[in-house]
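J.: Before I ask anything, let me first share the structure, which is written out below as structure tokens.
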Amino acid sequence: MKILVATEKPFAPVAVKGIKEVVEAGGHELVLLEKGTKDDLKAAVADAAGLIVRSDKVDKEVLDCAPELKVVVRAGAGYDNIDLAEATAKGICVMNTPGQNSNAVAELVFGLLVMMCRNYYNGTSGTELKEKTIGIHAYGQVGRNVARIAKGFGMNVIAHDPFVNDEIIEADGVTPVGSVEELYSKSDIVSLHIPANDKTRKSVVKQLVTLMPQKGILVNTARKEVIDEESLMEALDERQDLRYIADVKPDMADAMKERFGDRVFFTPKKMGAQTSEANIKAGIAAAEQVVAYLKDGWNKFQVNK
Ligand code: 3PG
């Protein structure tokens, strides 16, 4: 059967090689579509039984062009790019590959933080992370890796996640806090790791952000959609000491850059998971999951049950 890997942001070549080996060992054919348009994707998916994507949009329009499709695997964590209801209606299994790229994202959190705290390496005196409090907003796989690295920096680590038991957070030497308001008011730095869904979209607002102590930094390696951008701009206006870093441009990036200059920084493309290691782990896991599903319906990480 044909398995299509369609990535607007291509995997490292070494990961593609590994994916190909897994697909071929499973008796299937790999077709690669890199940096394609939506029309390219619609054409390429026409005879595919399996589809592997990253943040690429798999909406009704794409699914309508894929009569043979049985399984879609998002090589990564967040699956807000896939129309789950439509996939379910068509009997297509959708899976993600939890945890495979989480270290890469967590490392970028600190890459971005050090860069901002050292004033973009412009020669002036910056600040250190040691002894600062970092608040982890959602304690999933990336949050856990952020906690581990933060401890290496000598930071005080706190976290809030209503879906994770306090004992699990405490077992990592992290202090759980009972509310999101408490998290923001106690954190010099807040690192966002909430998924984008109907409950979280635009949930990070001025009222929350302005609870942060002086010189607070909000770092977002999750999704731009979880931020209410207009409200955040009001917060940055009201509190001239606050800063915002995001691994993916906000919709209002130009306006923010113009108004707040170096107090904001955005990567031009989502870079968190863009390492060879993460590409290999997430890409190969995705290939193995597609092959296993086509073989005997293996669906451990199905997200549209
Ligand atoms: C994820 O949800 O796994 C990350 O945001 C990575 O997304 P990417 O595969 O588009 O880099």
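Coordinate-derived values only; no laboratory data. Not measured: the values here are computed from a predicted model. A quick note on method: Cβ atoms are made from the backbone with ideal geometry, for glycine too, and the neighbour counts reach across all protein chains shown.
J.: Determine, from the Cβ-Cβ distance of Lys305 and Glu68 and an R0 of 22 Å, the FRET efficiency 1/(1 + (r/R0)^6), rounded to the nearest 0.05.
T.: Given R0 = 22 Å and the Cβ-Cβ separation, E is 0.50.
J.: With respect to the cross-link table entries Lys57/Lys215; Lys202/Lys269; Lys270/Lys295; Lys42/Lys206; Lys2/Lys199; Lys132/Lys206, which display a Cα-Cα separation exceeding 31 Å?
T.: Lys57/Lys215; Lys270/Lys295; Lys42/Lys206; Lys2/Lys199
J.: Now, a different point. Using the number of other C-beta atoms within 10 angstrom as an exposure proxy, rank Leu84, Leu30 with the fewest first.
T.: Leu84, Leu30
J.: Let me ask you something else. Using the basic label-point model (7 angstrom from Cα toward the beta carbon), what is the Asp237 to Thr37 distance in nanometres?
T.: Going from the Asp237 label point to the Thr37 one covers 3.9 nm.
J.: For the chain, return all DSSP H helices satisfying: extent of Cα atoms along own axis at least 15 Å; mean Kyte-Doolittle hydropathy at least 0.0.
T.: 13-25, 102-117, 276-296
J.: Distance between Cα centroids, region 66-91 to region 134-184: provide it in whole Å.
T.: Distance between centres, Cα-based: 31 Å.
J.: Suppose R0 equals 25 Å. What FRET efficiency, 1/(1 + (r/R0)^6) with r the Cβ-Cβ distance, do Lys202 and Lys257 give to the nearest 0.05?
T.: Once the sixth-power term is evaluated, E becomes 0.75.
J.: Moving to a separate point now. Give the order of Arg74, Arg201 when sorted by the count of other beta carbons within 10 angstrom, beginning with the fewest.
T.: Arg201, Arg74
J.: With loop defined by DSSP as not H, G, I, E or B, and exposure as at most 16 other Cβ atoms within 10 Å, which is the longest segment of the chain clear of exposed GluC sites (Glu not before Pro)?
T.: Result, exposed sites excluded: 132-305.
J.: Roughly how many debye, to the nearest 20, is the charge dipole of region 118-225 about its Cα centre, given +1 on each Lys and Arg Cβ, -1 on each Asp and Glu Cβ, and no other charges?
T.: The dipole of region 118-225 has a size of about 520 debye.
J.: Next question. Applying 1/(1 + (r/R0)^6) with R0 = 25 Å to the Cβ-Cβ distance of Lys9 and Glu61, what FRET efficiency is obtained, to the nearest 0.05?
T.: Here the calculated transfer efficiency is 0.80.
J.: Another question about this same structure. Under a 10 Å cutoff between Cα atoms, tell me which one of Met212, Met252, Met95 has the largest fluctuation in the Gaussian network model of the chain.
T.: Met252
J.: Let me have the 222 nm mean residue ellipticity of the chain computed from DSSP H runs of 4+ only, each contributing -39500 (n - 2.57), with the sum over all residues rounded to the nearest 500.
T.: After summing the helix terms and dividing by the residues of the chain, the value is -11000 deg cm²/dmol.
J.: Which residue, Thr267, Thr210, Thr124, has the most motion in a Gaussian network model of the chain that connects Cα atoms within less than 10 Å?
T.: Most flexible of the set in this elastic network: Thr124.
J.: Shifting gears a bit: What distance in nm separates the simple spin-label points at Arg118 and Lys249, each placed 7 Å from Cα in the Cβ direction?
T.: For the pair Arg118/Lys249, the computed spacing is 2.7 nm.
J.: For a quick check, take a GNM of the chain with Cα springs below 10 Å and name the residue from Asn103, Asn279, Asn122 with the largest mean-square fluctuation.
T.: Asn122
J.: Cα centroids of region 1-61 and region 100-121: how far apart, whole angstrom?
T.: Using only Cα atoms, the two centres lie 29 Å from each other.
J.: Among the chymotrypsin sites (Phe, Trp or Tyr not before Pro) in region 95-193, which ones are in a DSSP loop with at most 14 other Cβ atoms within 10 Å of the Cβ? Mind listing them?
T.: Phe163
J.: Take the alpha carbon atoms of the chain, find their radius of gyration, then divide it by 2.2 N^0.38 Å using N residues; give the quotient.
T.: Taking the Cα Rg and dividing by 2.2 N^0.38 Å, one obtains 1.05.
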